[in-house]
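Below you'll find the structure, written out as structure tokens, and then a few comments.
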Amino acid sequence: MKSLYVALFIALYLLLIPEQTHASTAQDQDITLEDILTLEEPFADNDYNGNVDHSLPFEYRPGSTPILITAPHSVVHLREGEEKAAEIYTGALGFLLHEKTDVHYLYSTKRAEDANYAEGGLFKEAMTRIISQYDIQLVIDLHGAGRDHDFDIDLGTVYGKSLHSGRVEEFMNLFSRHGITDVRENDTFPAENPDTITHFSWAQLATPAVQVEINQKYRDPRDNLGAFLQVYNGLADIINSHSVAAALLSNQSGSIPFCGGHR
């Protein structure tokens, strides 16, 4: 029954918000290239090794919206000893979403073991505490794909297990409203490894999650600020739609809606 309520609330939200184009919308009019570059600076330090003097390889910024944004690849990371490049501007994107929608935000601060690949680790320990303490209802894990991929965005849902199909459709519809039309599910990055953030959230913490792989053509604000803001606006609308549904259902039943595969 809760899933039905959520679906109805989201459908209503989609009807109420206007269709958007590539132009800036009301929610991004005050975001400048300078703002984005400033937010990216701590990640870009030391050739994207981040703040090498930071005591921990991550930081957490609390919010009031019951959604957790994660950016584990915001800096250079290590996978089985091999250095992997930072997925640039995923860190700044997470900061913008935190500042504008008041989501919770957990992100990597310096070069360390890949939190989206290695078993356990400090990042996942922090994530576990955050989800438990703040009753997080959805995890959105930000990642960056190369320009050579032919999708705009790939949504990893462990082949439909970590996020309800209705929510996936909502993601696709809201991105489409901002001009991002080639959004796929489990095309290349399904998050099937048990140690991905998405799989861990779903399987170990019973919390719905999605790995959002963003093509680099939408992650280079120096080259195309409008494309970067399209992704930001799509994600901001996704967060807002969840918040509306949560608030309405909370008023009716005193609880937050669940849209995942466990509860």
The stretch 32-188 - percent of accessible surface contributed by carbon and sulfur, probe 1.4 Å = 44
What FRET efficiency would be calculated for the residue pair E80, T38, taking the C-beta separation as r and a Förster radius of 35 Å, to the nearest 0.05?
-> 0.55
Rounded to two decimals, what ratio of Rg to Rh does the stretch 142-197 give with C-alpha atoms and a Kirkwood Rh?
-> 0.96
Computed P(r) (all Cα pairs; the stretch 152-237; 10 Å bins; percent) | 19, 46, 29, 6
Where q = 0.12, 0.14, 0.16, 0.21 Å⁻¹, what log10 of I(q)/I(0) comes from the Debye formula for the stretch 90-234, counting one point per Cα?
-> -0.47, -0.65, -0.87, -1.52
Sorted on mean Cβ neighbours within 10 Å (highest first), peptides 33-46, 156-169 come out as 156-169, 33-46
By how many nm would the segment from Q133 to E59 grow when fully extended, if each residue of separation counts as 0.36 nm and the alpha-carbon distance is taken off?
-> 25.0 nm
Inter-centroid distance (Cα atoms) of the stretch 150-194 relative to the stretch 85-124, Å = 19
Residues of the stretch 79-129: accessible area per residue at 1.4 Å, in Å²?
-> 42
Could you give me the percent of Cα pairs per 10 Å distance bin for the stretch 44-111, shortest bin first, beginning at zero and ending with the bin that holds the maximum distance?
-> 23, 49, 24, 4
Using amide H atoms built 1.01 Å from N in the peptide plane, name the residues 5+ places from Q137, or on other chains, whose amide H lies under 5 Å from its own.
-> I67, L68
Can you tell me the FRET efficiency between E169 and D148 if r is taken as the Cβ-Cβ distance and R0 is 22 Å, rounded to the nearest 0.05?
-> 0.20
What Kirkwood radius, in Å to one decimal, follows from the Cα pairs of the stretch 189-243?
-> 12.9
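The values are calculated or read from the model by the stated rules, or taken from the named source; none is laboratory data. Computed from a predicted structure; not experimentally measured. Cβ atoms come from the backbone with ideal geometry, glycine included; neighbour counts cover every protein chain shown. What goes into the accessible areas is simple: the full protein's heavy atoms, side chains included, and nothing from ligands, DNA or RNA. Shrake-Rupley method; radii C 1.70, N 1.55, O 1.52, S 1.80 Å.
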